[in-house]
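A short reminder: the numbers here are calculations on the coordinates, not readings from a lab. Quick caveat: nothing in here was measured; it's all calculated off a predicted structure. Virtual Cβ from ideal backbone geometry, glycine too; neighbours counted across all protein chains shown.
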Amino acid sequence: MTVLQAIRSAERILPGKVAPEGQSDPRWQAIMDIEGHVEEHPEEVWRFTRKWGAHANTDLRSAVATCLLENLLRYHFLHIFPLVSEASRQSVRFADTLSRCWALGEARLPENLKRVRALMREVITPSANMPLQRTCRSRLRDGRKREPVAAPARR
């Protein structure tokens, strides 16, 4: 199976649902089929990883993290990490996907591990203790005029 065939096959069943306990999950299997192409086709695998690594389903993000993103960073760190950095800054969900990866291969090199850890400190924040900011849309619904949202002051 080519990388494009594996991706098309996965796209047909995703996002799907978690398989019942004790049964094989076809979503994970489809993602593992793509995993076999990471070393030779990182660009194609990256595009798939970027798309599904930001999905709302946590289990799907775990599959993408452990089967694809982890291996992209293992074999192609210097090429993929800038893309991962950008995606993690754009999407909290993608940052969460990155946080599910183990450092393997090239990602374990001290200088690369330092870069990953710095990115994680930047993009993963303890938001549970932060007040939620209202969006422009919710403020407009309340009849308030549109204004920029400033970050809360730190003391």
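A few points about this structure:
- Across the stretch 53-67, the qualifying residues are those that are assigned to a helix (DSSP H, G or I) and in contact (Cβ under 8 Å) with a residue 40 or more places away in the chain, and the one among them that is surrounded by the fewest Cβ atoms within 10 Å (Cβ to Cβ) is D59.
- Annotation for the stretch 96-110: at least one member residue is of a type in the set (D, E, K, R), within 18 Å of R61 (Cα to Cα), under 10 Å from the mean Cα position of the chain (by Cα) and buried (at least 18 other Cβ atoms within 10 Å of the Cβ).
- Residues in the stretch 1-31 that are buried (at least 16 other Cβ atoms within 10 Å of the Cβ), assigned to a helix (DSSP H, G or I) and among the aliphatic types (A, V, I, L, M): V3, A6, I7, A10, A30, I31.
- All positions within the stretch 82-122 that are farther than 14 Å from A65 by Cα, of a type in the set (G, A, S) and part of a helix (DSSP H, G or I): S85, G105, A118
- Given (1) assigned to a loop (DSSP other than H, G, I, E, B); (2) under 24 Å from S24 (Cα atoms), number of the condition N71 does not satisfy: (1)
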